[in-house]
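Report on the following structure.
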Amino acid sequence: MNADFRLDPDCDIFVGDLAATFPAWLAARHYSQVLLLTDTHCARHCLPVFFEKSKLPAHTPAAVIVAGESEKNISTCMAVWDAMRQHKLDRKALVINLGGGVVGDLGGFCAATWKRGMDFVQVPTTLLSMTDAAVGGKTGIDFEGLKNVVGVFQQPRAVFADPVFLKTLPAREQRSGMAEVIKHAFIGDLALLDDLDNMDAAALRRSIAVKVRVVQEDPLERGLRMLLNYGHSIGHAIESYFLDTDAPLTHGEAIAIGMVLESWAAGAANTAMVQATCARHFAHVPLPAAAEPRLWELLQQDKKNEAGAVRMALPGEQPFSLRLIELDRERLQAALTHYRSAPQA
Ligand code: GLY
């Protein structure tokens, strides 16, 4: 059984029908137990398909968390650790994370910390998690309104990205994942922009290939991997800001704005193309002027910052090259003004 990608000697990535890979992969390993982690949305829309394809029995122990980014917190971790305790999971057990970015990041974190670490696999069900979150070993949770600030690097034993699950997604969630594909396009493979409306297994492989190349070169984000944060410095701040309102944005909606604002603020040569691409797939979001102080405060907490300076990671002129740019407050204000005055952006 050949994997599509071998991220490292212990982490294979399979793209396509998981019925053709997962049962044999699992049978070749001798786990003492299996715990399935999923959320309420996936329990309804993905679990029946997963049971059918994986050949796991329907009575496999499962922990189900409430769906949504607001659940990505320490209380939910405690509930998952408690399920691990109740099912008496030992270090030879396997956790299967079936879901989007929240399930994968949080489930990976719980597995990576339970009894100092046990195996887990990612079965991503959203475009965002197939192309980005499930690949690369970032696990963690949000804390005090800051996204992904508590976590560890821990590679899953395998990733099974089956596009069948994309059919279960509401249109808004499907679009959300497109932001990461757009990001991969501008990082290393512009041809991906032609695939955005048809994310089949071949297109997924192209997008995942960009991520795998970056992670292989810099698994612990000492340098090049920061490139995968393109759009995410300002984007995360915008996402956190809207999370506290009645109209939260999806991750992708926030990251699309982040890519436009960061490109503009950095004076990137391809800003107009980034802007036009994002505008084709994402609606313009009114950003109130009153949001700026909170956005600046949130930006101070970004993980890429050094010595108090706010830093953004952008693609350089060559594919797979990184530019680190400092963002000062005046530039942020100017970028926000630009965005507000350009409703097509
Ligand atoms: N999602 C960014 C990364 O995995 O590095």
Dimensions (Å) - the chain, Cα atoms, principal axes, largest first
57, 39, 35
Using amide H atoms built 1.01 Å from N in the peptide plane, name the residues 5+ places from residue 342, or on other chains, whose amide H lies under 5 Å from its own.
none
Test of the criteria: in region 92-150, which trypsin sites (Lys or Arg not before Pro) are in a DSSP loop and have at most 15 other Cβ atoms within 10 angstrom of their Cβ?
92
Please list the three semi-axes, largest first and in whole Å, of the ellipsoid equivalent to region 148-195, using sqrt of 5 times the eigenvalues of its alpha carbon gyration tensor.
22, 18, 13
Give me the compactness ratio for region 280-319, meaning the Cα radius of gyration over 2.2 N^0.38 Å.
1.58
Helical contribution to [θ] at 222 nm, DSSP H n ≥ 4, -39,500 (n - 2.57), averaged over the chain, rounded to 500:
-12500 deg cm²/dmol
Tell me which residues come under 5 Å, amide H to amide H, from residue 63 once H is placed; ignore anything under 5 positions away on its chain.
36, 37, 38
Regarding region 114-169, what whole-number volume in Å³ per residue does the convex hull of its Cα atoms give?
98 Å³
Mind telling me which of 234, 257, 65 comes out most flexible in a GNM of the chain, alpha-carbon contacts under 10 Å?
65
Dividing the alpha-carbon Rg of region 49-157 by 2.2 N^0.38 Å yields what?
1.00
√(5λ) per eigenvalue of the Cα gyration tensor, region 165-217, largest first, Å:
20, 11, 10
Go through region 157-170 residue by residue and turn each phi into a ³J(HN,Hα) via Karplus (6.51, -1.76, 1.60, θ = phi - 60°); whole Hz please, and just put x for glycine and proline.
5, 6, 10, 10, 9, 10, x, 4, 6, 5, 5, 7, 8, x
Considering the Cα positions of region 100-222, please state its Rg to one decimal place and its Dmax as a whole number of Å.
14.3, 45
Toward the positive end of the charge dipole of the chain, about the Cα centre and with charges on Cβ (Lys, Arg +1; Asp, Glu -1), which of 179, 265, 166 goes farthest?
166
Spelling out what I want: for every residue of region 4-19, take phi, set θ = phi - 60°, compute 6.51 cos²θ - 1.76 cosθ + 1.60 (Karplus), and round to whole Hz; glycine and proline get x.
6, 9, 10, 5, 8, x, 10, 9, 9, 10, 10, 10, x, 4, 6, 4
No partner Cβ under 4.7 angstrom, meaning no disulfide-compatible partner by this rule: which Cys of the chain qualify?
11, 77, 110, 278
Angle between the Cα long axis of helix 201-217 and the longest principal axis of the chain, 0 to 90 degrees, nearest 10?
80 degrees
Expected sort for 75, 32 with the fewest Cβ neighbours (10 Å cutoff) up front is 75, 32
What angle, in degrees between 0 and 90 and rounded to the nearest 10, separates the Cα long axis of helix 74-86 from the longest principal axis of the Cα atoms of the chain?
10 degrees
Measuring from centroid to centroid over Cα atoms, what is the spacing of region 145-202 and region 259-285 in Å?
19 Å
Orientation-averaged projected area, Cα convex hull of region 211-339 (nm²)
7.9 nm²
In nm, spacing of pseudo-spin labels at residue 19 and residue 66 (7 Å Cα→C-beta vector)
3.6 nm
Angle between the chain longest axis and helix 329-341 axis [Cα atoms, degrees, rounded to 10]:
90 degrees
Residue-wise, which Karplus ³J(HN,Hα) couplings in Hz belong to region 87-99, taking 6.51 cos²θ - 1.76 cosθ + 1.60, θ = phi - 60°, and x for glycine or proline?
8, 6, 5, 9, 6, 9, 8, 10, 9, 10, 9, 9, x
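Bear in mind that the values in this text are calculations on the coordinates, not laboratory data. What you see is a predicted model; the values in this text were computed from it and never measured. All Cβ positions, glycine included, derive from the backbone under ideal geometry; neighbour counts span all protein chains shown.
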